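Okay, so here's the structure we're looking at.
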Amino acid sequence: MGIEKKIKAIGFDWNGVISHARATDFQNSASKLLNTSPKEFWDSYYKFNRLVNTGVLTFNKFWSIVAEDLGRGDKFPALLELASNRPVKSVDQGVAETIKSLKRKSLKLGLLTNATKETGKIIRNTDVSKMFHTILISSDIGMIKPDPYAYRMFAEKLGVEGHELLFIDDTKRNLTSDIGITFVEYTTLEDLLNKLKEYNVL
């Protein structure tokens, strides 16, 4: 038996949901390169993340600051190369097929992701991006998830109320809003499909 809630629109995150670029994979590689713990790396990353994902810092400057913050400024060139080669264009075909199926059901679909302007350009040039009614990149709108205004803008662009929106993200800290959005934490494609069926959208 499905969950009785009328969903009219579905939103997706990019990295870790549509893209194969899992955040934890990069976290582990970067922390190993910098000889620090994954937690220490992530703490530094999120300390300055808002600045690059809202367009205040350039991509290069952001990684320079992170390296310096962790006391490994000498590793900046290698860290920049690692970050530049993240597979943001690598699309999970199972998720892409799921998006196609949802589009055939006349649901409004959107993408809201925390990303730099450089990554945003790459995302907009992928085939899967053409299936979305709206795409919001944090560096373009000057806000990052879980900023409530970012979610409100997203719902407005899709033309739905917050309680009519289901949003899929793989980062726990992003799964919160004050406008009644239903959140699904992405772990595996199989789990996602089961949850979409529970909400009677697939």
Consider LYS121 against the criteria (1) of a type outside the set (Phe, Trp, Tyr); (2) under 16 Å from the mean Cα position of the chain (by Cα); (3) surrounded by 15 or more Cβ atoms within 10 Å (Cβ to Cβ): it satisfies all of them except one. Which criterion is unmet?
(3)
Restricting to the range 143-202, name every residue that is within 13 Å of LYS8 (Cβ to Cβ) and in a strand (DSSP E or B).
LEU165, LEU166, PHE167, THR182
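A quick yes/no check of all residues on (1) at pLDDT 95 or above; (2) farther than 25 Å from ARG173 by Cβ; (3) in contact with a strand residue (DSSP E or B) (Cβ under 9 Å, 6 or more places away or on another chain):
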site	(1), (2), (3)
ARG104	no, yes, no
ALA115	no, no, yes
MET131	yes, yes, yes
MET153	yes, no, yes
Checking GLY71 against (1) among the small types (Gly, Ala, Ser); (2) in a helix (DSSP H, G or I); (3) modelled with pLDDT of 95 or more, which test does it fail?
(2)
Some residue of the range 150-161 being surrounded by 15 or more Cβ atoms within 10 Å (Cβ to Cβ), within 27 Å of HIS20 (Cβ to Cβ) and β-branched (Val, Ile, Thr):
no
Tabulated pairs, the range 3-18, first at negative phi and modelled with pLDDT under 95, second among the polar types (S, T, N, Q) and assigned to a loop (DSSP other than H, G, I, E, B), C-beta under 7 angstrom, 6+ apart or interchain:
none
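Quick check on ALA30: is it within 20 Å of LYS89 (Cα to Cα) and surrounded by fewer than 21 Cβ atoms within 10 Å (Cβ to Cβ)?
No: the conditions fail for ALA30.
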Which pairs do you get when a residue that is more than 15 Å from GLU81 (Cα to Cα) and of a type outside the set (Asp, Glu), found in the range 23-36, comes within reach of a residue that is modelled with pLDDT of 95 or more and not in a helix (DSSP H, G or I), reach meaning Cβ atoms under 6 angstrom, with the pair 6+ apart or on two chains?
THR36/LEU70
Within the range 93-135, track down each residue that is of a type in the set (Lys, Arg) and part of a helix (DSSP H, G or I).
LYS100, LYS103, ARG104, LYS117, LYS121, ARG124, LYS130
Exactly one condition in (1) within 28 Å of LEU192 (Cβ to Cβ); (2) crowded, with 18+ Cβ neighbours inside 10 Å is false for PHE62; which is it?
(1)
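The values are calculated or read from the model by the stated rules, or taken from the named source; none is laboratory data. Quick caveat: nothing in here was measured; it's all calculated off a predicted structure. Note that each Cβ is placed from the backbone with ideal geometry, even for glycine, and that neighbours are counted across all protein chains shown.
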